[in-house]
Amino acid sequence: KNERNQLASSTHPLLKTRGVPGTHDLPLANQILDSLAALPRDEKNSSLKIPRFNKAIDDRFHDGDALPSQFVDIIILEGWCIGAKPQPLELLESPENELENSEDLPGDWRHYINQKLTDDYQVLFSKLDYLAMLKAPNFEVIHLWRSQQEEQLLKQQSDPSAKSQIMNSTELKRFIMHYERLTRWMLKEMPQQSDITFHLNDKHSIVKQDTNNAN
């Protein structure tokens, strides 16, 4: 969170909000993936801590999860923008929503995100052996799903200070607008490149799956 605040001060205020390309710790991500892949099969003293993020406080937990000292067969890297491709520059010309229109009219924020996605993120994504997409039926259902997440987070919190940071409806609407541009782009573009796409209905159930034979 501190690093994002610094990025917001030095580059663009909208980068204070987590999640969009440019706000992740890519060196740490690459380090963890490489370390997982290099875990020995038979060395009993090997150890590795996996960092965790707490959405309720919008920051990392102080301590990660200790990984058992054993070889890892499969690594699942899960996340909203995993495997995303940058947008063509002409698509960045017009604001996507109210947030971009009022706080990124010149386009500096969205161009920064797109450039990060073009360069640093493709290095991370090149490590993927298989790309699976869980495809929402449309962008509009995202608000409902995220509201359900916030309700669940609130139930899980016992610390009043953490509860106070759970987003209300107005805050959530603004938060989701940070993701709208790239989400709409991925819904359109990613099924063409993913190895398998699971099509979800508004209840999160898989209703169809497509495999990409070209991959």
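The values are calculated or read from the model by the stated rules, or taken from the named source; none is laboratory data. Here the structure is a predicted model, which is why all the values come from computation and not from measurement. Backbone-built Cβ (ideal geometry, glycine too); neighbour counts: all protein chains shown. Just the protein is used for accessible areas: all its heavy atoms, side chains included, with ligands, DNA and RNA removed. Shrake-Rupley method; radii C 1.70, N 1.55, O 1.52, S 1.80 Å.
Structure above, values below:
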{"read-out": "Label-point gap, in nm, between I74 and H111 - each point 7 angstrom along Cα→Cβ", "value": "4.3"}
{"read-out": "Inter-site label distance for A8 and E93 at 7 Å from Cα along Cβ, in nm", "value": "3.2"}
{"read-out": "Pairs beyond 23 Å (Cα-Cα), from K127/K208; K55/K173; K1/K188", "value": "K127/K208; K1/K188"}
{"read-out": "Sequence ranges 23-35, 1-13, 180-192, ranked by mean other-Cβ count within 10 angstrom, highest first", "value": "180-192, 23-35, 1-13"}
{"read-out": "Selected from L200, L144, L15 as most flexible by GNM, with the chain as the system and alpha-carbon contacts under 10 Å", "value": "L144"}
{"read-out": "Most mobile of G64, G19, G107 in a GNM of the chain (Cα contacts under 10 Å)", "value": "G64"}
{"read-out": "Sites K1 and T170 - FRET efficiency at Förster radius 25 Å, r taken between beta-carbons, to 0.05", "value": "0.75"}
{"read-out": "Cα-based reach from K16 at 15 Å (exclusive), listing aspartates and glutamates while leaving out same-chain residues under 8 positions away", "value": "E3, D25, D58, D59, E100, E103, D104, D108, E171"}
{"read-out": "Label-point separation in nm, N54 to D25, each point 7 Å along Cα→Cβ", "value": "1.5"}
{"read-out": "Solvent-accessible surface ranking, highest first, for D58, D129 at 1.4 angstrom", "value": "D129, D58"}
{"read-out": "N101-R18 FRET efficiency (beta carbon distance; Förster radius 22 Å; 0.05 resolution)", "value": "0.50"}
{"read-out": "Restricting the stretch 80-109 to GluC sites (Glu not before Pro) in coil, as DSSP defines it, with at most 12 other Cβ within 10 Å", "value": "E93"}
{"read-out": "Prolate/oblate/rounded call for the chain, Cα gyration tensor, a/c under 1.5 rounded", "value": "rounded"}
{"read-out": "Relative contact order, percent, the chain [alpha-carbon distance under 8 Å, six or more residues apart]", "value": "21"}
